[in-house]
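S.K.: Handing you a structure now.
The values are calculated or read from the model by the stated rules, or taken from the named source; none is laboratory data. Everything numeric in this text was worked out from a predicted model, so none of it was measured. Quick reminder, even Gly has a Cβ in these numbers, built from the backbone with ideal geometry, and neighbours come from all protein chains shown. We work out accessible area using only protein heavy atoms, side chains counted, and drop any ligands, DNA or RNA first. Shrake-Rupley method; radii C 1.70, N 1.55, O 1.52, S 1.80 Å.
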Amino acid sequence: MKTILKCGKLFTEENDTVQQNMAIVVQEGKISQIASAERADCTRAHVIDLSDKFVMPGLIDSHLHTYIGGYDKGFLPIALDNHCLTVLKCLSRAMADLRAGFTTICDCGCADFGADLSLKQAIETGLVDGPRMLVSGPMIATTSFYFPNCDMVTRTVDGPLEAQKAARDVIAKGADIVKLMATEGVCSPGPLGLPIMEYDEIQAACNVANSLHHISRAHAHGAEGIKRVVKAGITLVDHAMLIDDEGIDLMAEHGTYLCPTFTAGYRMIERGAGTDLPQYMVEKSKYALEQHAGHFQEFLKRGIPIVFGTDTGTPFSAHGEQGVEFRLMVQFGMSPVRALLSATRTAAEFLRIQDKVGTLAEGKCADVVAFDKNPLEDISVMEHCSFVMKGGKIYKQTCAESACCQ
Ligand SMILES: [Zn+2]
């Protein structure tokens, strides 16, 4: 049976216009037709009335962690869970992301390698419901840095040979992305932005990713660490909060993507002050966001491709609440339309899945979400998704009725 979504306002993202009174016809999980509501053939169709909604492609959060839930103290408690329990917790968090409109998520570092992969396979084979997933497996870091003495969280490498081997290993085991920890960060105890991977280590891992046609990405805050990863051929830089002008020039020259992740620092400042969270994380977040505010305008002016990502799972960033990132992006200077594109078309291009998702077009997966108001007029509505369809199946529906017409 086919399903017809009647859309009051439709933003397919194939172009920058919002269309009125359209219909999306869904058959066997794919979009078979997009036409004006009057022209759509409703015979023997299940019709869903979204005529008072703003309808757009399913959202993509290209940076989150399912192994952590946002309210844990730091990252270490996961070491207490066995593998099966970790997978179940990851599933429950991924479902919260899906119900918030994120039909695709990218798990950027899972402490228990295999948990992210197991979940991805279980979803892909239809064993359990969940969002589309891309995974990186463990984060690759160096001895005694980022999470010192916590091999559960990172894969430790020293020297280019070990970096090369680690990149090959995660790809061979099924990772979609090679994730490097190139500098100290907000959640690690070391100085924010201190480079912790040498250039030849980064280059060795990037070369493996590139030659095996995989994406690479690096957590990097400081200018020196950012320049190392960009020069080494990384696909995307995460955070980049302490970048300098030369670093921005290099990213523009290399066509490197940026994933800004405002949410993580914002939530730690908003909810973490005065709690038992190590307070250095709150202080680092304040400094990093101040710096980020200054650079973000420059990223926008220079046309650096910006990909939506939230680092959800980090302290006080709960799964299902990451729609706040849209509001923060706009607050820091991005236009609402560009903010929406960052979580759909641009994210799909970065993840190399644009043939399936990212825009609404005939032949693409029926990943469709809807909101009660027009986010181009009020971006805060992105925090309250009211309809979620992934692959033609509905996961959230708050509209009053659906009906079969004859
Ligand atoms: Zn992260």
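S.K.: Quick check for you: with a 1.4 Å probe and neighbouring chains kept, what is the accessible area per residue of the chain, in Å²?
M.R.: Dividing the accessible area of the chain by its residue count gives 37 Å².
S.K.: In the stretch 214-309, which GluC sites (Glu not before Pro) fall in coil by DSSP and have 14 or fewer other Cβ atoms within 10 Å?
M.R.: Answer in residue order: no site qualifies.
S.K.: Cα atoms only, the chain: Rg and Dmax in Å?
M.R.: 20.8, 68
S.K.: Antiparallel DSSP bridges in the stretch 59-351: what percent, to the nearest 5?
M.R.: 5 percent
S.K.: Could you compute how much accessible surface Y280 exposes when probed at 1.4 Å, giving the result in Å² to the nearest 10?
M.R.: Approximately 80 Å² of Y280 is accessible to the 1.4 Å probe.
S.K.: Between D169 and D81, what FRET efficiency follows from the Cβ-Cβ distance if R0 is 25 Å, with the result rounded to 0.05?
M.R.: Efficiency computed from Cβ-Cβ geometry: 0.60.
S.K.: Could you tell me the relative contact order of the chain? Use alpha-carbon pairs under 8 Å, at least six residues apart, and round to a whole percent.
M.R.: Computed over the chain, the figure is 21 percent.
S.K.: Another question, if that's okay. Under a plain spin-label model, where a point goes 7 Å from the Cα along Cα-to-Cβ, how far apart in nm are D158 and H213?
M.R.: Going by the 7 Å Cα→Cβ label model, 3.7 nm.
S.K.: At 0.36 nm per residue, and after removing the present C-alpha to C-alpha distance, how many nm does the segment from S92 to E124 gain when stretched out fully?
M.R.: 9.9 nm
S.K.: May I ask you to give the percent of accessible area on the stretch 291-345 that is carbon plus sulfur, with a probe radius of 1.4 Å?
M.R.: In the stretch 291-345, the share of accessible area belonging to carbon and sulfur is 48 percent.
S.K.: Listed here are the pairs K179/K396; K227/K286; K89/K356; K179/K364; which of them are more than 30 Å apart at the Cα?
M.R.: K179/K396
S.K.: I would also like to ask the following. Mind grabbing the accessible area of E124 for me, 1.4 Å probe, Å², rounded to tens?
M.R.: Result for E124: roughly 130 Å² accessible.
S.K.: Modelled label-to-label distance, Q279 and D200, 7 Å Cα→beta-carbon offset: nm?
M.R.: Those two pseudo-labels are separated by 4.4 nm.
S.K.: First compute the accessible area of the stretch 1-135 with a 1.4 Å probe, then give the percent of it belonging to carbon and sulfur atoms.
M.R.: Roughly 50 percent, rounded to a whole number.
S.K.: For R168, what accessible surface area do you get with a 1.4 Å probe? Give it in Å², rounded to 10.
M.R.: About 120 Å², rounded to the nearest 10.
S.K.: Where the centre of each part is set by its Cα atoms, how far does the stretch 288-345 sit from the stretch 185-230, in angstrom?
M.R.: Each part's Cα centre sits 21 Å from the other's.
S.K.: Just to be sure I understand the model, the point goes 7 Å from the Cα along the line to the Cβ. What's the resulting S144 to N21 distance in nm?
M.R.: Here the modelled spin labels are 7.1 nm apart.
S.K.: How do M382, M1 stack up against each other in accessible area, from largest to smallest, with a 1.4 angstrom probe?
M.R.: M1, M382
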